[in-house]
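This report refers to the structure that appears directly beneath it.
The values are calculated or read from the model by the stated rules, or taken from the named source; none is laboratory data. Predicted model only: the values in this text are computed from it and were never measured. All Cβ positions, glycine included, derive from the backbone under ideal geometry; neighbour counts span all protein chains shown. All accessible areas refer to the heavy atoms of the entire protein, side chains included, with ligands and DNA or RNA removed. Shrake-Rupley method; radii C 1.70, N 1.55, O 1.52, S 1.80 Å.
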Amino acid sequence: METQFSSFQGSYPESFGSSEHGSYEASTPAHARFMQSFSWDHLSRTILLVLAGLLPLWVLPFTSFPVIFSKAFLFSILILAAFVACLVGRVQEGQIFLPKHMLAFSLLLFVIVSFISGLFSISPHISFVGAGYESDTVVIAALAILGAFLMSFLFRGKEEMQKLFWVLGISSLALFLFQLAHLFFGLDIFSTVFLTPSANPVGS
């Protein structure tokens, strides 16, 4: 499903004596041990988990379009942050994995077609970025495809997928409970946002 594009491997000592290894850990500063165990991929994966958990519930009540603008802002910031973290990890490891699947090719083709369509649009600025919150602009489409590629790379194992489904499940349950309370008991955290019983944090 994926092809290793390039790799650089270094050499490491084969083994350490137990006493030497213990003394090495004792003499290593805490920040150095943290950097040795730190993983950029883990950071990128954590950012995507936060995005998956927060996106259905995220609302900023002080904006003109509180639901859709809030989600577009959160989505754009966290996708870019996850991409930067993943990119730094690839540079450090010297490995780039490219998905080898027709679906990945189709998504990439969709971004290219959207980009060309935006260039020949009557109003290229509106087509590319719009007012900053529309879901059908070239920029949002590119970020969505980028998120799909990051997900396919960072959530390949069973453990990673279980964490993702747990986060989605908890977020969905919280959303269900809020909407239930709002619909039947009139609970409204932001009185200026959810004005009707059908209004919800997900939006339209």
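Odds and ends about this structure:
- As a rough guide to protection, the peptides 72-80, 163-171 ranked by mean Cβ packing within 10 Å, highest first, stand as 72-80, 163-171.
- Each residue of region 99-112 was assigned a 3J(HN,Hα) from its phi angle through the Karplus curve 6.51 cos²θ - 1.76 cosθ + 1.60 (θ = phi - 60°); the sequence is x, 10, 8, 5, 5, 5, 5, 5, 5, 5, 5, 4, 5, 5 Hz, with glycine and proline shown as x.
- Evaluating 6.51 cos²θ - 1.76 cosθ + 1.60 at θ = phi - 60° for every residue in region 123-131, the Karplus couplings come out as 10, x, 4, 5, 5, 7, 10, x, 8 Hz, glycine and proline recorded as x.
- Accessible area (Å², 1.4 Å probe, nearest 10) - residue 156: 130
- 91, 67, 129, 84, ranked by accessible area, largest first (probe 1.4 Å): 91, 84, 129, 67
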